[in-house]
Amino acid sequence: MSPFEILRPGGSLEYMNEDAGADWLKRLTTTFPHSVWLNPTPEEEWGHHYTIAVVKELMGGRMYPLTLDGLDAAMRALVRKGGSPP
């Protein structure tokens, strides 16, 4: 994702949307407070991408790599405390 997709209304590349991506993520976490974000980008690269940091913050730190270990950690977090990071 590019920063404008998350931070600006109408920032989507697919169509004009009155809400920023951050607004949609806030709706997601409000509606589904026990949600996690599975990130396909290798975890060692997360610190190099501004938007990953923004999404992780919007998700309350509940971001896990899309790997077998990441899926296991995400599922354990969801069972333990509704998605709280370890």
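The values are calculated or read from the model by the stated rules, or taken from the named source; none is laboratory data. Predicted, not measured: the structure shown is a model, and the values here were computed from it. We place every Cβ from the backbone using ideal geometry, glycine too, and count neighbours over all the protein chains shown. What goes into the accessible areas is simple: the full protein's heavy atoms, side chains included, and nothing from ligands, DNA or RNA. Shrake-Rupley method; radii C 1.70, N 1.55, O 1.52, S 1.80 Å.
Miscellaneous remarks
- Restricting attention to the stretch 45-69, the residues that are closer than 23 Å to GLU5 by Cβ, of a type outside the set (S, T, N, Q) and part of a helix (DSSP H, G or I) add up to 12.
- The number of residues in the stretch 44-86 that are at pLDDT 95 or above, of a type in the set (Ser, Thr, Tyr) and within 18 Å of THR29 (Cα to Cα) comes to 1.
- Of all residues in the stretch 32-43, those satisfying the criterion of being at pLDDT below 95 and surrounded by fewer than 15 Cβ atoms within 10 Å (Cβ to Cβ) are PHE32, PRO33, HIS34.
- Residue match in the stretch 33-47 (condition: touching a residue at least 12 places away in the same chain (Cβ under 8 Å), more than 21 Å from GLY21 (Cα to Cα) and in contact with a Pro (Cβ under 8 Å, 6 or more places away or on another chain)): yes
- The stretch 61-79 residues that are closer than 19 Å to THR41 by Cα, paired with ones that are among the basic types (Lys, Arg) (beta carbon under 7 Å, 6 or more apart): MET63/LYS56
- One residue stands out in the stretch 9-28 among those that are among the acidic types (Asp, Glu) and open to solvent by 100 Å² or more (accessible area, probe 1.4 Å): the one that is modelled with the lowest pLDDT, namely GLU14.
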